[in-house]
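Encoded as structure tokens, the structure appears first; notes follow it.
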Amino acid sequence: MSRLFGTDGVRGEANSTLTADLALALAEAAAAVLASPSAGAARPVAVLGRDPRASGEMLEAAVSAGLAASGVDVLRVGVVPTPAVAFLTAAYEADMGVMISASHNPMPDNGIKIFGRGGHKLDDAVEDRIEQLLRPGSEPQRRAYRPTGAAIGRVRSAHEALDRYLQHLAAAVDTPLEGVTVVVDCANGAAHRAAPLAYRAAGAKVVAINDEPDGININDRCGSTHLDDVRRAVVEQGADLGLAHDGDADRCLAVDAEGNVVDGDVIMAILAVAMREAGELSEDTLVATVMSNLGLHLGMQAAGITVRTTAVGDRYVLEELRRGSYSLGGEQSGHVVLPDHGTTGDGVLTGLRLMARMAQTGRTLAELTKVMTVLPQVLVNVRVDDKKAVADSAVVGEAVRRAEAELAGRGRVLLRPSGTEPLVRVMVEAEDIAVARTLADALSEAVSGV
């Protein structure tokens, strides 16, 4: 049995690799590890949310059944962003939280993300314990506790959950956003209600697009992975900026008034400088991943801010943030984590903080982006049959060495296997975009030949 958990939970094609049977068994295993009831104690509690994918209804039912059968009470919070589930897990003092979503993946996929007490993502050791209970022959151990009668878990809807999350967001921003006009692309996803409501409550004028999910259209040529809609709408509406979320709204990318993309690196740079000025940037340190642009490192160095790097994945950013008690971290993709306000990346909170910086300084987003200069970066996703074979390939290794020699220290090369898909991501940074493209093409050819 290969490892079930990827970099962000368990994902697969719904009703194919991610079945209702697997969801039920995963819920049972997670309950046994995270929410095992104590004799005489009240039943454990789990918060359960989802994005609006059609398959989420099926998987929600299966997860609810698995948890209730394990003696866990389930609080169904409906269609809400992933960071809302993390927050609500802590707010309700629940033993665990579950979010059913495949984030930015296309609709046929779905996923299951699990949070521990306090709304924290699980570390590898805990995930391994859960997986152990899913291996062949482990069913008796997984189902060792099977309550009957009044001890069976109950399932109810927490209708006030979204309001609690919105109140939490409002408390995290103290600068009114009156005078800011924003276009928000909701990706027909989990933030289709939360994002417009939060931005309007803060005082912004909001134009919402792709905010009518039908269960099928999530991430469909929209949201943070397809920015054409929001770029066009910002220019047409004469808005000050655009914000684009992904399907579960743990990401946020931005667009300035001219339609230029502002990625997660630039957003982090803007927030880091703002927090340093306010005395809120712990140890004057920003945590980013190895995929972050070299320009971020140079810009932060000029601003007197240290950048600490981690492996790709917001879980690794979170681990470093906790280890060093740092106050800001994230990824180029738009995952931005503010530990003083949440235990995971929160795209809606990121959008609020970015607009607050604009309102506070009276500067446009384009002006704020000058805090760093983005070096040309080319990223190519190469589909492969065996990611390990690529990592072990002498041919690929030699291609990397040739590329690095040509860059001569004036750029970077990074090959990284995807944690959730059969892909190897080839990234090249260089001072000249043509050089970056040429080297990326050569490396991609080497990878695809394995």
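Work out, in µm²/s and without decimals, the Stokes-Einstein translational diffusion coefficient of region 8-65 at 4 °C, 1.567 mPa s, Rh from Kirkwood over C-alpha pairs.
Numbers: Rh = 12.5 Å.
D, rounded to a whole number, is 104 µm²/s.
Once the C-beta distance of SER16 and ARG129 is scaled by a Förster radius of 25 Å, the resulting FRET efficiency is 0.45 to the nearest 0.05.
Could you tell me what a quarter of the Cα convex hull surface of region 1-160 works out to, in nm² with one decimal place?
Details: hull surface 35.3 nm².
It is 8.8 nm².
Excluding same-chain neighbours fewer than eight residues apart, the lysines reachable from LYS387 by a Cα-Cα span under 29 Å are LYS113, LYS121. Taking the square roots of 5 times each eigenvalue of the Cα gyration tensor of region 138-238, largest first, gives ellipsoid semi-axes of 38, 20, 11 Å.
In order along region 117-131, the phi-based Karplus estimate (6.51 cos²θ - 1.76 cosθ + 1.60, θ = phi - 60°) of 3J(HN,Hα) comes to 3, x, x, 8, 5, 7, 7, 4, 5, 5, 4, 5, 5, 5, 4 Hz; Gly and Pro are listed as x. Taking max minus min of the alpha-carbon positions on each principal axis, region 311-410 gives extents of 52, 30, 27 Å, largest first.
In the full protein context, region 100-237 carries 49 Å² of accessible surface per residue, based on a 1.4 Å probe and ignoring ligands, DNA and RNA.
Expressed as a rounded percentage, what relative contact order does region 223-336 have, with Cα pairs under 8 Å and six or more residues apart? Intermediate values should be presented prior to the final figure.
Numbers: 206 pairs, mean separation 30.0, N = 114.
26 percent.
Panel note: the C-alpha atoms of region 232-285, placed on their principal axes, show extents of 41, 25, 14 Å (largest first).
Expected output is a single nm value to one decimal: the length gained when fully extending between ARG322 and SER2, i.e. 0.36 nm times separation in residues minus the C-alpha distance. What is it?
Working: separation 320, 0.36 × 320 = 115.20 nm, distance 2.88 nm.
Once the chain is fully extended between ARG322 and SER2, it gains 112.3 nm.
Result for the chain in a Gaussian network model with C-alpha springs under 10 Å: among GLY189, GLY330, GLY149, the largest mean-square fluctuation is at GLY149. With semi-axes defined as the square roots of five times the eigenvalues of the C-alpha gyration tensor, the equivalent ellipsoid of the chain measures 35, 28, 20 Å, largest first.
Where the centroid of each part is defined by its Cα atoms, how far is region 171-185 from region 187-254 in Å? First find each Cα centre; the distance between them is then 14 Å. Springs between Cα atoms under 10 Å define the GNM used for the chain, and in it the highest mean-square fluctuation of GLU127, GLU320, GLU367 occurs at GLU367.
Under conditions of 4 °C and 1.567 mPa s, region 195-340 yields 80 µm² s⁻¹ as its translational diffusion coefficient, taking Rh as the Kirkwood radius over Cα pairs in the Stokes-Einstein equation.
Over the chain, calculate the relative contact order: mean separation of alpha carbon pairs under 8 Å at least 6 apart, over the residue count, as a percent. Write down the numbers at each step before the final one.
On the way: 1009 pairs, mean separation 59.1, N = 450.
Value for the chain: 13 percent.
The fraction of Cα-Cα pairs per 5 angstrom bin, counted from 0 for region 330-370, comes to 6, 22, 25, 23, 17, 6, 0 percent, rounded to whole percents.
Accessible area per residue for region 250-378 is 34 Å², calculated with a 1.4 Å probe on protein heavy atoms, without ligands, DNA or RNA.
Fully extending the segment from ILE433 to LYS205, taken as 0.36 nm per residue of separation minus the present Cα-Cα distance, adds 78.4 nm. Most simply put, the chain has about 50% antiparallel DSSP beta bridges, counting only bridges with both residues inside it. Put a dot 7 Å past the Cα of ASP163, heading toward its Cβ, do the same for LYS370, and the two dots end up 4.6 nm apart. Every Cα-Cα pair in region 45-99 was counted, and those over 17 Å apart are 28% of them.
With respect to the chain, whose longest principal axis is taken over its alpha-carbon atoms, helix 264-277 is tilted by about 90°.
To the nearest ten degrees, helix 314-324 and the longest principal axis of the Cα atoms of the chain are 90 degrees apart.
Taking the 0 to 90 degree range and rounding to the nearest ten, how far is the long axis of helix 347-361 tilted relative to the main principal axis of the chain, both from C-alpha atoms? Orientation of helix 347-361: about 40 degrees from the principal axis.
State the three equivalent ellipsoid semi-axes of region 378-422, derived from the C-alpha gyration tensor as the square roots of 5 times its eigenvalues, in descending order and whole Å. Let's see the in-between values first.
Values: eigenvalues 92, 35, 10 Å².
Working through the eigenvalues yields semi-axes of 21, 13, 7 Å.
Relative to the current alpha-carbon distance between GLU280 and LYS388, full extension at 0.36 nm per residue lengthens the span by 34.7 nm. Proximity of backbone amide H atoms, modeled 1.01 Å from N, is registered between GLY12 and ASN110 at under 5 Å, excluding neighbours fewer than 5 places apart on the same chain. Once you put a point 7 Å from the Cα of SER138 and another 7 Å from the Cα of GLU258, both along the Cβ direction, what distance in nm separates them? Inter-label distance under the simple model: 5.4 nm.
Computed over protein heavy atoms with a 1.4 Å probe, the carbon and sulfur contribution to the accessible area of the chain reaches 48%.
The values are calculated or read from the model by the stated rules, or taken from the named source; none is laboratory data. Because the structure is predicted, anything quoted here is derived from the model rather than measured. Glycine gets a Cβ as well: all are built from the backbone with ideal geometry, and neighbour counts include every protein chain shown. Surface accessibility is based on the protein's heavy atoms, side chains included, excluding ligands, DNA and RNA. Shrake-Rupley method; radii C 1.70, N 1.55, O 1.52, S 1.80 Å.
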